[in-house]
1. Could you give the semi-axes, largest first, of the ellipsoid that matches the chain, computed as the square roots of 5 times the alpha carbon gyration tensor eigenvalues and rounded to whole Å?
2. Which whole-Hz ³J(HN,Hα) couplings does region 161-167 yield from phi under the Karplus relation 6.51 cos²θ - 1.76 cosθ + 1.60, θ = phi - 60°, glycine and proline marked x?
3. Which of the lysines could a cross-linker bridge to LYS61, judged by Cα under 16 Å and excluding same-chain residues fewer than eight apart?
4. Tell me the mean residue ellipticity at 222 nm calculated for the chain from its helices only (DSSP H runs of n ≥ 4, each -39500 (n - 2.57), averaged over every residue, nearest 500).
5. Could you tell me the extents of region 9-53's C-alpha atoms along the three principal axes, largest first, rounded to whole Å?
6. Relative to the first principal axis of the alpha-carbon coordinates of the chain, what is the inclination of helix 192-208, with its axis defined by its Cα atoms, in degrees from 0 to 90 and to the nearest 10?
7. Only loop residues by DSSP count here, and only those with at most 11 other Cβ atoms within 10 Å; note down the GluC sites (Glu not before Pro) in region 187-230 that meet that.
8. If the cut-off is 19 Å between C-alpha atoms, which lysines fall inside it for LYS112, apart from same-chain ones fewer than 8 positions away?
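Every number here is computed from the coordinates shown, using simple stated rules; none is lab data. Computed from a predicted structure; not experimentally measured. Backbone-built Cβ (ideal geometry, glycine too); neighbour counts: all protein chains shown.
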Amino acid sequence: MLHVEDRELVVPGQLIAEGDYLVQEGTFREGDHVYASVVGLVRVRDKKIRVIPLQGPYIPKRDDAVIGIVIDTHHAGWELDLGSPYSGNLSVSDLLQRKVDLDREDISRYLKIGDAVFARVKEVNELMRVSLEAGDRNMGRVPGGKLVEISPKKIPRVIGHKGSMISVLQKVGGCGLKVGQNGRVIVWGKDPRRVNAVVEALLMIEREAHTSGLTDRVRQFLEEKSKGGA
């Protein structure tokens with residue numbers, strides 16, 4: 001028996017269901033009762049129950065796309081801040097996708113401290129040392145744009161079901177976006193006014209991620225902004 005609806009906002013300790021449900025992320029069982037362990041949105045699929053957290057730090061996972069900021073250099077690469085308790089290491093070979101003679105080549109020509117880098121998590125070992133790679137097309141240093149930081153837990157809403165939300169942000173907002181699963185988004189475009197509108201829309205998504213009809217509201221907001229509305 002369910003005590004809440006799918007996508008309902010719940011708080012820690014709230015009773016979600018009774019019965020033989022399979023407990024997953026964000027839930028725990030006491031006897032026949034299933035409770036929420038975090039603040040988040042309930043998702044029920046068949047007999048599986050989980051709660052998607054609305055807050056929490058980014059914890060790197062293999063294959064995540066992330067936006068890192070170069071904070072240090074070393075002989076063979078760079079250290080990147082990921083907005084996480086754990087920084088990432090990007091070797092020059094994982095940036096350039098080729099062998100590099102470190103005695104002959106000055107790697108500072110590729111990245112410098114403060115640069116934003118769109119990368120992928122290559123590996124996370126048992127000590128939470130994070131290795132990155134950025135040699136794929138559309139990855140590497142991001143030369144411009146406005147960096148926005150939101151809760152990493154809200155990134156699925158920025159992307160939307162089958163990419164519905166990010167499509168609205170790009171097409172209606174008239175801007176390009178790079179989205180990192182660590183809660184960072186870079187927005188760029190020719191019109192600063194439209195860039196600022198998309199930034200406002202991202203902050204709206206963060207505030208209202210738990211509500212329904214959000215994609216339509218974001219679309220309406222961006223359409224009004226594109227017409228010069230307040």
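1. 36, 26, 12
2. These are the phi-based 3J(HN,Hα) values: 5, 6, x, 5, 6, 5, 5 Hz.
3. LYS61 reaches LYS122, LYS153.
4. On the way: 5 runs with 48 residues, N = 230.
Here the helix-only value at 222 nm equals -6000 deg cm²/dmol.
5. 22, 19, 13
6. 40
7. In loop regions of region 187-230 (DSSP not H, G, I, E or B), there are no sparsely surrounded GluC sites (Glu not before Pro).
8. LYS146
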